Amino acid sequence: MAEETTYKFYLKYLFRSKSALAAIVVILFFVGLAVYVGTWPKSVSTNYLYNTRYYENTYPEDAAPSWMAALEPSQYSPSLYLNPKEVKLYGSVSSSNIYEYELTFSFDWSSEKVPTDVVFVFSANTTMQTIQVLWKKPSGSQIMFSQTPSVSKYSFDLSYVTSALLSYILQKTGQVPTLQTTSVLATALFSNFSEKSAGPAEKGTYTVTVLIGTSGPAKFYAAQVRVLGNAYGLMGTDSYGRPILQGILLGLPNALEIGVVTSLLGVLIGVFIGGFAGFLGGKADAGLNWFSTVILALPVLPFLVTLGIMLKSSLTIMSEVLLITFLSWPGYAIIARSSAQSIRTNTFVEADRLMGIPSYRTFFTHFLPRLVPFIVAYTVLGIPGAILLVQTLAFIGVAPANIVTWGGILDAAYDYNAALNGWWWWLLFPGLMIVFVSIPFVVVGFVIERASFGGR
């Protein structure tokens, strides 16, 4: 069998298996995606980890996936990010050097659910003196409110114009709501107020006209109206407004890097020590086997948690890899030792000894090559276990502080009671990602193992 274990044979065996081919395609997809995410600016990861204010008023908090708005329009409202359809100079007063610009936005609304907030974001190359907003509903009713920023970069949501919106609600219903959240204020802009109460949102085309007075000729770097519903993105958002999809993508390179490196190092060290012990035999074999057994007997998770807490302030990706590798190699060493002992009984080993060939040369020419199938198969099979262990450690708070992990996302979901609050997307998608990344490695590993140990 050793003579047949060529790379050509394994490639042929892999390509002959439809499940292995599909798994390889999936692995290549994940690797390509990880490479793409690796090209993102470092600020993306930094903002996700530390600068949660970056996401305020940008994405809705605790929002379900956007497709839920199509499935249940009465329960979920979409999030829209609107750029002006037209920007024009409305008028100017040369004596006071005031320029007035008109920005027109419009959008179609088909959900019965009123959004949770509306945010206006403006940035220009000159000071904005006044901002007036005229909001027109599909029914033709209008509401106006204004701000006086006196800065060149300004954003505000409905809480900034509470007085104007409450006055409109009072006019329509005859009473002021006791609860004055942005969701309640948004009813002034969207609700049809049938029977003097805030009913469902009006469906149709909304038009938003914004008049901005500037202290000179203006060039707008940003001009956006953000309608924040309770649904956003492919996988929703967390309690900080961070998109779950972004967190999952940021965690992919780290998961693959740690999983592959940890598994490869563990297998290589284990195969070398175990193979060498089986090759030597005698007291050296007994000593190395005893050492491997002692390390193998250590409780992996409690041991890693204890060391992780002790090293938490200085824990890096490399130190985490080394810790996991230290506890993972003995299992591979014991299996490799058994294989080496069976190889040792072959006649060519005895022939090398009688010919005076050095022992190290016999080990590297006869033993290690015959352990290559073992190395490849168990490296691939070890990747899912390493990924799962790393995410488990991150979930219980033992992870490098400067990386995004799926376990860390699940940990945050646990801290914010996502399950109790019904934020299922915060739990489901990171968990599924761990499974989806692990399965193709398991499939390929089993195919290689079957080819190595009985697939002929």
Q: Can you put SER292, SER139 in order of Cβ neighbours within 10 angstrom, beginning with the fewest?
A: SER139, SER292
Q: Enumerate the amide H contacts of THR214 below 5 Å, restricted to partners 5 or more residues apart or on another chain; note that Pro and chain-start residues carry no placed amide H.
A: TYR99, GLU100, TYR101, GLN129
**Q.** Table column - 3J(HN,Hα) (Hz), the range 243-256, Karplus curve with 6.51, -1.76, 1.60, x for Gly and Pro
**A.** x, 4, 4, 5, x, 5, 5, 5, x, 5, x, 5, 5, 5
(Q) Using a 7 Å offset from the Cα along the Cα-to-Cβ direction at both LEU427 and ILE357, what is the distance between the two label points in nm, to one decimal? (A) 6.0 nm
Q: List every residue whose amide H lies under 5 Å from the amide H of PHE193, counting only residues 5 or more places away in sequence or on a different chain, with H placed 1.01 Å from N in the peptide plane.
A: GLY199
Q: Using only Cα atoms, locate the centre of the range 403-431 and the centre of the range 268-299, then give the distance between them in Å, rounded to an integer.
A: 41 Å
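Read the figures in this text as sums done on the coordinates, not as results from a lab. Note that the structure is a prediction, hence the values are computed from the model and not measured. Quick reminder, even Gly has a Cβ in these numbers, built from the backbone with ideal geometry, and neighbours come from all protein chains shown.
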